[in-house]
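One structure is given below, encoded as structure tokens.
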Protein chains: 2
Amino acid sequence: MQSSPPENNRTRATRSVTLDDVAKLAGVSPITVSRVLNHPDKVAVKTLEKVQKAIALTGYVPNMLAGGLASKRSRLIAAIVPSIANSVYAETIKFFSERMRDAGYQVLLGESGHKQEQEESLIATILRSRPDGIFLTGINHSPQAKKMLFAANIPVVETWDITPTPLDVVVGFSHQDVGRAVAEYFVDKGFERIGILSAEDHRAQLRQQSFLKVLERKGKTDVSISTVPVPTSFLAGRIGMARLLDEGFIDGAVFSSSDTLAQGALAEIQSRGLEIPRQIALVGFGDQPYAAHTVPPLTTVKFDRALIGQKAADALISRFNNEKFDQKIVDVGFQLIERQTT
Amino acid sequence: MQSSPPENNRTRATRSVTLDDVAKLAGVSPITVSRVLNHPDKVAVKTLEKVQKAIALTGYVPNMLAGGLASKRSRLIAAIVPSIANSVYAETIKFFSERMRDAGYQVLLGESGHKQEQEESLIATILRSRPDGIFLTGINHSPQAKKMLFAANIPVVETWDITPTPLDVVVGFSHQDVGRAVAEYFVDKGFERIGILSAEDHRAQLRQQSFLKVLERKGKTDVSISTVPVPTSFLAGRIGMARLLDEGFIDGAVFSSSDTLAQGALAEIQSRGLEIPRQIALVGFGDQPYAAHTVPPLTTVKFDRALIGQKAADALISRFNNEKFDQKIVDVGFQLIERQTT
DNA sequence: GGAGCAGATGGTAGCGCTATCATTTATCTC
DNA sequence: GAGATAAATGATAGCGCTACCATCTGCTCC
């Protein structure tokens, strides 16, 4: 037998300060302390100060698990993106979580890897934390996922795309419109040969389809397509472009499904000593910060990633506050930025 | 008065399935259902199946808030990075959260914006969720932050840097060593003029200091320094490099504090028609995916971002499991990758 | 065949907080 | 200054789960 007891009374030893401790020290009831934290306007100024002093003195940290259980509001928000490491999604999340934090919510992040089944299992897991709302990327979800979301009975905001039939709210823009706009731009500029450098990404495919449809209508059916797997990269752009070039593609314009790919393509074109845009023209997608500063500066499709994040947060917050005005569909639009690669 | 009641009985109406419901349906006690979920090996196979059937039938989703409150294990992990949108940190987080998820934990993400006071307030907020562990970037934290972390009494893993005195565990590498290694490499290669293109980032400054110290010892005190603010960008790299070039820097080697800056620098150098590496040599930092494929391929310092994330997760997980072996300091090292910009 | 034991299951209590309603105290009106 | 109203505070109960210990069953063993 040991003289000092083992660590099995850890719970007691490390027991942290609770709301009751603060209440006792301040000489008020626990519920008053709760009010100081959650509805300070409903407490007399004198009491408020007394309690706040006690909070500071004890170093009290509210327990959101207990609060969430009692109030049925976890103040947690789930966010699911295809890829955390892709700065394009990361930027949306940055602005989304910033605004959610300002409103008193914390963000639980998950990565679906562009896979529906992974998104589904992620939703199942993340719902255990009883988030008050959920941020999804895209509008395509498995039936089971939709069922779970419906059963969870919480606000859902879908992003990055647009649909007349969102699960709840959708914030994004039309990828079909993007495809059409670029196709029409290529036709207007009079490019003879047309190519596509695209990732195997759902939204990229949407853009590609409408892009091709417009060209077809104009009689252009001979479009060279180079597809690369997700996640995309600079290297994938080089390889994808190399494939196009090796097949004899020249004196034409290429629509790339991302700026990252376009940047790789740029490198490949330059390494072959071809002239941009005279021999190869290029349009990116995303207007990443570097797009304006590549050599030559990249023509690309711009849309506001930050705005998507903010509007998505606003949509959830207005739902939480039971606000009347609920715009179910928020189109943030896009813009073709003409620089020097076309 | 309305004929149908208003929505104030929402709690009852949308009341979700609880563990008790499952227990009743399966004809067992609630605690047995709990065991099925948390310790399935302690339940008879027959009972297990019966309960699992009931779970599937009811669509039961465990409530982690309740479970966490009762067990004092939230299965939440807090992670704080300087910048979510910076793919370098994002990649570490990706691998960290992947491994944590496999172990049954979810990640709460926060952004400190490279600021200590913001990190501090973030820690205060995030501790309310009673995370079981916390992932920090860097080893510099405010005294108040350290106090809160200590009071929280949970495992802490600091990353991206190394120190003999971590708060708890540290996973990273020595930035001083990086600075020294690059300086020695420049001296060995015989570069006459030396420049620095660096962000106002704490770790970049560490590298810069030891870099300068080595050069000084070799008698090189005339180093041109161009500093740019965080967050860094391609454009910042161009601007920073332009400043160096405008000051007459030529026929020398530049140590850039990130590949992003280096890529911008590359564009600036090329746009001026200077030859790489004959007139300007360049070393980046990070070995981003594109570094090997720029034109010309970038010499840079490589370190394993994924490994940092994984090792950090492993450190926390081994702590949770009360495993004996606890390596307090995990050095993942780095490597100078010589390509064609030097 | 009954002591002894491991394995399976259940009862009780409580984690730390907040919703709800009740009560007390301050403020107002004429 | 009595009565009415509003503001401030408190008592009670319970959110959904798990730790802890108790109980029960079936089995082995000599």
Looking only at segment B:254-273, and only at residues there that are part of a loop (DSSP other than H, G, I, E, B) and over 33 Å from the mean Cα position of the chain (by Cα), the one that is surrounded by the fewest Cβ atoms within 10 Å (Cβ to Cβ): B:Gly273
Qualifying residues in segment B:118-132 (those that are touching a helix residue (DSSP H, G or I) at 6+ places or on another chain (Cβ under 7 Å) and either in a helix (DSSP H, G or I) or at the interface with chain A (Cβ under 9 Å from one of its Cβ atoms) (or both)) - the one nearest to A:Pro131 (Cα to Cα): B:Ser129
For B:Glu184, indicate whether it is within 14 Å of chain A (Cβ to nearest Cβ) and either in contact with a Ser or Thr (Cβ under 8 Å, 6 or more places away or on another chain) or without any contact (Cβ under 8 Å) to a residue 60 or more places away in the chain (or both). no
Filter result for the condition that a residue is at pLDDT 95 or above, more than 23 Å from A:Leu149 (Cβ to Cβ) and away from DNA strand C (no atom under 14 Å from the Cβ), over A:Lys50, A:Lys94: A:Lys94
Which numbered condition trips up A:Ile276, out of (1) more than 23 Å from A:Pro229 (Cα to Cα); (2) β-branched (Val, Ile, Thr); (3) assigned to a helix (DSSP H, G or I)? (3)
Answer yes or no as to whether B:Val28 is among the aliphatic types (A, V, I, L, M), surrounded by 13 or more Cβ atoms within 10 Å (Cβ to Cβ) and touching a Ser or Thr at 6+ places or on another chain (Cβ under 8 Å). yes
Only one of (1) free of Cβ contacts under 8 Å to residues at least 60 places away in the same chain; (2) touching a Lys or Arg at 6+ places or on another chain (Cβ under 6 Å) fails for B:Arg75. Which number is that? (2)
Conditions (1) in contact (Cβ under 8 Å) with a residue 40 or more places away in the chain; (2) more than 29 Å from A:Gln270 (Cα to Cα): number failed by B:Gly240: (2)
Among the residues of segment B:316-342, write down those that are under 30 Å from B:Val182 (Cα atoms) and among the small types (Gly, Ala, Ser). B:Gly333
Name the one entry in B:Ser271, B:Ser318, B:Ser258 that is of a type in the set (Ser, Thr, Tyr) and assigned by TED's automatic domain parsing to the domain that holds B:Ser87. B:Ser318
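A quick yes/no check of all residues on (1) away from every other protein chain (no Cβ under 14 Å); (2) touching an Asp or Glu at 6+ places or on another chain (Cβ under 7 Å); (3) touching a residue at least 12 places away in the same chain (Cβ under 8 Å); (4) not aromatic (Phe, Trp, Tyr):
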| position | (1), (2), (3), (4) |
| --- | --- |
| A:His141 | yes, yes, yes, yes |
| A:Lys147 | no, no, no, yes |
| A:Asn153 | no, no, no, yes |
| A:Thr159 | yes, no, yes, yes |
| A:Ile162 | yes, yes, yes, yes |
| A:Pro166 | yes, yes, yes, yes |
| A:Val170 | yes, yes, yes, yes |
| A:Gln176 | yes, no, yes, yes |
| A:Gly179 | yes, no, yes, yes |
Take segment A:220-253 and flag every residue that is within 24 Å of A:Lys189 (Cβ to Cβ) and assigned to a loop (DSSP other than H, G, I, E, B). A:Lys220, A:Thr221, A:Asp222, A:Glu247, A:Gly248, A:Phe249, A:Ile250, A:Asp251
How many residues of segment A:265-285 are in contact (Cβ under 8 Å) with a residue 60 or more places away in the chain and over 21 Å from A:Val187 (Cα atoms)? The answer is 2
Output the qualifying pairs, or none if there are none: Cβ atoms under 7 angstrom, residues six or more apart or on different chains, first residue in segment A:43-71 and closer than 15 Å to A:Ala23 by Cβ and in contact (Cβ under 8 Å) with a residue 60 or more places away in the chain, second residue away from DNA strand C (no atom under 11 Å from the Cβ) and part of a helix (DSSP H, G or I). none
Options B:Ser233, B:Ser224, B:Ser256; residue that is closer than 18 Å to B:Val301 by Cβ and in contact (Cβ under 8 Å) with a residue 24 or more places away in the chain: B:Ser256
Conditions (1) at pLDDT below 95; (2) away from DNA strand C (no atom under 12 Å from the Cβ) -> B:Arg99 fails only (1)
Selection count, segment A:14-33, where residues are near DNA strand C (Cβ under 8 Å from one of its atoms), away from every other protein chain (no Cβ under 13 Å) and in contact (Cβ under 8 Å) with a residue 24 or more places away in the chain: 2
Within segment A:38-62, track down each residue that is among the acidic types (Asp, Glu) and near DNA strand D (Cβ under 8 Å from one of its atoms). A:Asp41
Give me the strands (runs of 3 or more DSSP E) completely within segment B:280-342, filtered to those with at least 1 residues that are over 27 Å from B:Gly237 (Cα atoms) and modelled with pLDDT of 95 or more, ordered by residue number. B:329-331
Residues of segment A:98-117 that turn out to be more than 7 Å from chain B (Cβ to nearest Cβ), within 13 Å of A:Arg75 (Cβ to Cβ) and not in a loop (DSSP other than H, G, I, E, B), as a count: 3
For A:Ser226, all conditions in the list (1) modelled with pLDDT of 95 or more; (2) surrounded by fewer than 22 Cβ atoms within 10 Å (Cβ to Cβ) hold save one; what is the number of the exception? (2)
Hey, could you check segment A:69-97 for residues that are within 9 Å of another protein chain (Cβ to nearest Cβ), outside any strand (DSSP E or B) and more than 12 Å from the chain's Cα centre (by Cα) and say which is surrounded by the fewest Cβ atoms within 10 Å (Cβ to Cβ)? A:Lys72
Pick out the one residue from B:Ser83, B:Ser87, B:Ser71 that is of a type in the set (S, T, N, Q) and within 16 Å of DNA strand C (Cβ to nearest atom). B:Ser71
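The values are calculated or read from the model by the stated rules, or taken from the named source; none is laboratory data. Only a predicted model underlies this, so the values are computations on that prediction, with no experimental measurement involved. Heads up, the Cβs are rebuilt from the backbone with ideal geometry, glycines too, and the neighbour counts pull from every protein chain shown.
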